[in-house]
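This report refers to the structure that appears directly beneath it.
Quick note: the coordinates plus some simple rules give every number you see, no bench work behind them. The structure displayed is predicted, hence computed values, not measured ones. Glycine also receives a Cβ, built like all others from the backbone with ideal geometry; neighbour counts cover every protein chain displayed.
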Amino acid sequence: MPARPGTFCMQHGVTHTHGHHERERRREYDQRKGTRQERGYGARWQKARAGFLAKHPLCAHHEKRGQVVPADTVDHALPHRGDMAIFWESDLWQPLCSGKGGCHEAKTLRENGLAPCGHEATITSARHGVVCVMCGRVTGEAVA
């Protein structure tokens with residue numbers, strides 16, 4: 001099958017191959033934040049992640065609602081922000097489902113200030129869950 005034809009880029013005034021801008025954005029992101037390996041997501045993380053998901057196969061958020069949804073992502077319930085002590089603290093990990101509209105995406109949006117209630121949100125700690133600053137709505141459960 002022939003390769004997908006390039007598309008004309010209004011930004012650069014030339015024809016690019018499919019995915020050019022995505023690769024460019026990823027390269028810029030890696031330069032700013034470091035590669036996945038530099039941020040801790042290398043082979044050691046992949047092994048720890050696989051072991052954690054084997055022990056915790058269901059999405060924690062769905063399980064709390066009595067729903068059975070497989071987890072495919074290990075989330076840091078308390079954002080580590082580059083702190084490797086928090087990064088490797090497995091008591092602060094939780095299994096979540098991912099994908100468009102998945103629990104991991106929703107949690108990330110809340111952490112970045114886009115709560116489902118429409119207010120600014122913050123995660124206070126793994127023990128308190130995600131709490132909206134404006135209305136006090138708890139959108140995450142505390143970790144026991």
**OP:** Starting from the stretch 39-68, take each residue that is closer than 20 Å to PRO79 by Cβ and list its partners that are among the aromatic types (Phe, Trp, Tyr) and part of a helix (DSSP H, G or I), counting only C-beta distances under 6 angstrom and pairs at least six apart or across chains.
**Re:** GLY40/PHE87
Subject >> Total residues in the stretch 69-81, condition free of Cβ contacts under 8 Å to residues at least 24 places away in the same chain and hydroxyl-bearing (Ser, Thr, Tyr) >> reply: 0
Original post:
List the pairs whose first member sits in the stretch 82-106 and is closer than 15 Å to ALA60 by Cβ, whose second member is basic (Lys, Arg) and part of a helix (DSSP H, G or I), and whose Cβ atoms are under 9 Å apart, counting only residues at least 6 apart or on separate chains?
Top reply: TRP93/ARG49; GLN94/LYS107; PRO95/LYS55; LEU96/LYS107
